[in-house]
Amino acid sequence: MRLLLALWVLLGGALVASAQPSNRYNVLFIAVDDLRPELGCYGVKEAQSPHIDRLAKSGMLFTRHYAAVATCGASRFALLTGRSPARSGVTASNEAFYQGKTALNPLQLPGAQTLPELFRRSGYQTVNIGKISHTADGRVYAYNGEGNGRNELPHAWDALPTPFGDWKRGWGIFFAYANGKHREDGQGNNQLMEFTAQKDEDLPDGQLAREAISQLKGFKNSSKPFFLGLGFFKPHLPFVAPKQDWDAFEGKPISLPSSPLKPTDPYWHASSEFYKYSLPFAKAQPLDDDAKRTARRAYLACVRYTDRQVGKVLDALKAEGLDKNTIIVLWGDHGWHLGEQQIWGKHSPFERAVRSTLIIRAPGVGKPGKTSDALIESGDLYPTLLELCKPTFTATTYPLDGKSFVAVLAGKQATVRDSAISYWQEALTVRSATHRLIARRTGSGFKDIALYDLSRDPDNTQNIAEKEPERVAALLAKIP
């Protein structure tokens, strides 16, 4: 024993490090499309999200998590490849995984091209249900269903068992209404909201949860660790959920947007995705107060529906005895404006569009129920999961641009970075602890510079760039 102790001292604790097992955690990665922090655990009193709130109490909730890009595909590209938009150039494209210069190689390369591929090559059983990359089920199909169905992430998944129900293959399950209807079926279905379904399984997200529960039962009897990617569709447009979720807000107060005025800087957009749907109220802009409350209620109803599906999966994880050795990540791919600044949607570099939900539960790491205001970029998740899980295969095609924040999870550090950078098309935005800077790069510098003091102006309404040139210069210097 003394000899072992002496050897441990001599090697600087190397014996302890080597005693840490590889592939030591399962991973349940839950992605929720368009989920801004509109949850009870984030202090939103009108939200009904008891199951996600329960997850937050068992793990760590991050109040300052920022997506790389304020659109689905580009945000997920950054997270899953570990590449910052500064390196990849993907600042808007939803098809970056399979089109253009950034398309993933169909051949298996010496290093993993994506996070789930790395886990699969480490011996994990990897399963994709729903929207983890950009397509609705991990296979490449266009919105109208055309395509060859090849894997969007080559060599990443052992199985892609997304159920299609009555909506058939492709994007039907993503733009779904009840009874097999969907936005892309050629039948003119384009209503903004629908709350007629009676059962959770009458809509796709309920079926995704059911399939995830079935997969967890299979994992219980497997000798392999697992990486389960579960991507829920709601609250993405159209706003569709069971009737009970709409009814749950009957007679309850629905707040109006906190900053209803249109900004004067050039980063405002006209919410084209929102307004192309058939609205249950006048399309006059800005919406009147009743219309605003209706749209916000519809979003909250969809969040309530997804929250219930998350709860079912968490309950099944525990029932199968897998919770003790499974890291749970609940991640929103970006934020969403709910009428703030007269915007309904994402696609902006403002705080509402790039700030999103992040909750992590890592068994045995840190104290449960903690909240962190550390600045976190979505790209930081990749190296964090590697440090936690210690997969046996670690080679990556490209260097990882993020920073592990395991020390934050463990309560050993308050933060790992002093700023978080996001992108939308040609705009770049830097978030510090107190301010947000937005600018467009030119050949010789930057233009359209805007600076906001978020401690006083959380919705980016007062551009103070001319008043604080030194702070502007300091934040511009952080742009890669």
| query | So which residues in the stretch 21-65 are surrounded by fewer than 17 Cβ atoms within 10 Å (Cβ to Cβ), part of a loop (DSSP other than H, G, I, E, B), in contact with a helix residue (DSSP H, G or I) (Cβ under 9 Å, 6 or more places away or on another chain) and charged (D, E, K, R)? | reply | Arg24, Glu46
| query | Any residue in the stretch 360-381 that is over 25 Å from Lys478 (Cβ atoms), of a type in the set (Gly, Ala, Ser) and out of contact with any helix residue (DSSP H, G or I) (no Cβ under 6 Å at 6 or more places or on another chain)? | reply | yes
| said: Quick check on this structure: which one of Ile343, Ile359 is in contact with a Ser or Thr (Cβ under 6 Å, 6 or more places away or on another chain), touching a residue at least 40 places away in the same chain (Cβ under 8 Å), surrounded by 24 or more Cβ atoms within 10 Å (Cβ to Cβ) and more than 18 Å from Ala433 (Cβ to Cβ)? | reply: Ile343
| remark: Selection over the stretch 389-415 where residues are among the aliphatic types (A, V, I, L, M), under 15 Å from Ile327 (Cβ atoms) and surrounded by fewer than 22 Cβ atoms within 10 Å (Cβ to Cβ) yields a count of 2
| remark: Pairing a residue in the stretch 461-480 that is over 15 Å from Gly445 (Cβ atoms) with any residue that is outside any helix (DSSP H, G or I) and modelled with pLDDT under 95, where Cβ atoms lie under 7 Å and the two sit 6 or more apart in sequence or on different chains, gives Thr461/Ser259; Thr461/Leu261; Thr461/Pro263; Asn463/Asp265
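Listed here are the residues, each with its yes/no results for (1) more than 30 Å from Ile464 (Cα to Cα); (2) in contact with a Phe, Trp or Tyr (Cβ under 9 Å, 6 or more places away or on another chain); (3) of a type in the set (A, V, I, L, M).
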{"residue": "Leu256", "(1), (2), (3)": "no, no, yes"}
{"residue": "Leu279", "(1), (2), (3)": "yes, no, yes"}
{"residue": "Arg297", "(1), (2), (3)": "yes, yes, no"}
{"residue": "Arg304", "(1), (2), (3)": "yes, yes, no"}
{"residue": "Arg308", "(1), (2), (3)": "yes, no, no"}
{"residue": "Gly311", "(1), (2), (3)": "yes, no, no"}
{"residue": "Ala316", "(1), (2), (3)": "yes, no, yes"}
{"residue": "Glu320", "(1), (2), (3)": "yes, yes, no"}
| said: Name the residue that is modelled with the lowest pLDDT, counting only residues in the stretch 213-240 that are part of a helix (DSSP H, G or I) and not hydrophobic (A, V, I, L, M, F, W, C). | reply: Lys220
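To keep it simple, each residue is scored yes or no on (1) part of a loop (DSSP other than H, G, I, E, B); (2) more than 23 Å from the chain's Cα centre (by Cα); (3) more than 22 Å from Asn189 (Cα to Cα).
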| residue | (1), (2), (3) |
| --- | --- |
| Ser259 | yes, yes, yes |
| Trp268 | yes, no, yes |
| Ala284 | yes, yes, no |
| Arg293 | no, yes, yes |
| Gly321 | yes, yes, yes |
| Pro349 | yes, no, yes |
| message | Condition first: out of contact with any helix residue (DSSP H, G or I) (no Cβ under 8 Å at 6 or more places or on another chain) and of a type in the set (S, T, N, Q). Now tell me which residues in the stretch 438-466 satisfy that. | response | Thr442, Ser444, Ser455, Gln462, Asn463
| task | Output the residue which, of all residues in the stretch 428-454 that are exposed (fewer than 13 other Cβ atoms within 10 Å of the Cβ), assigned to a loop (DSSP other than H, G, I, E, B) and of a type outside the set (Ser, Thr, Tyr), is modelled with the highest pLDDT. | result | Gly445
| said: If I ask for residues that are crowded, with 16+ Cβ neighbours inside 10 Å and either of a type in the set (Gly, Ala, Ser) or modelled with pLDDT under 95 (or both), which ones from the stretch 241-256 would you list? | reply: Ala241, Ala248
| Do the conditions hold for Lys318, that is, is it out of contact with any helix residue (DSSP H, G or I) (no Cβ under 7 Å at 6 or more places or on another chain) and among the basic types (Lys, Arg)? | yes
| remark: The condition of being over 30 Å from Leu109 (Cβ atoms), among the basic types (Lys, Arg) and in contact (Cβ under 8 Å) with a residue 40 or more places away in the chain holds, among Arg436, Arg456, Arg417, only for Arg436
| request: Scan the stretch 271-282 residue by residue and report those that are assigned to a loop (DSSP other than H, G, I, E, B) and modelled with pLDDT of 95 or more. | output: Ser271, Lys276, Tyr277, Leu279, Pro280, Phe281
| note | When every residue in the stretch 168-182 that is at pLDDT below 95 and of a type outside the set (Gly, Ala, Ser) is compared, the one nearest to Val240 (Cα to Cα) is Trp171
| note | Cβ pairs under 6 Å, 6+ apart or interchain, first in the stretch 312-324 and farther than 15 Å from Val27 by Cα, second surrounded by 16 or more Cβ atoms within 10 Å (Cβ to Cβ), ordered by first then second residue, are Lys312/Ala209
| note | Residue pairs qualifying under the 7 Å Cβ cut-off, at least six apart or on distinct chains, with the first in the stretch 389-400 being touching a residue at least 12 places away in the same chain (Cβ under 8 Å) and the second being hydroxyl-bearing (Ser, Thr, Tyr) and outside any loop (DSSP other than H, G, I, E, B), are Tyr398/Thr81; Leu400/Tyr382
| query | Residue check, Lys478 against (1) assigned to a loop (DSSP other than H, G, I, E, B); (2) more than 16 Å from Ser422 (Cβ to Cβ); (3) not hydroxyl-bearing (Ser, Thr, Tyr), all met but one. Which one? | reply | (2)
| query | If you scan the stretch 283-306, which residues turn out to be surrounded by fewer than 16 Cβ atoms within 10 Å (Cβ to Cβ) and closer than 26 Å to Ala248 by Cβ? | reply | Asp288, Asp289, Asp290
| query | If you check Glu46 against the conditions, is it at pLDDT 95 or above, among the charged types (D, E, K, R) and closer than 10 Å to Val303 by Cα? | reply | no
| message | Quick check on this structure: which one of Ser133, Ser93 is part of a loop (DSSP other than H, G, I, E, B) and either in contact with a Pro (Cβ under 8 Å, 6 or more places away or on another chain) or surrounded by 24 or more Cβ atoms within 10 Å (Cβ to Cβ) (or both)? | response | Ser133
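The values are calculated or read from the model by the stated rules, or taken from the named source; none is laboratory data. No experiment lies behind these values; they were computed from the predicted model shown. Here Cβ is always computed from backbone atoms with ideal geometry, including for glycine, and neighbour counts include all displayed protein chains.
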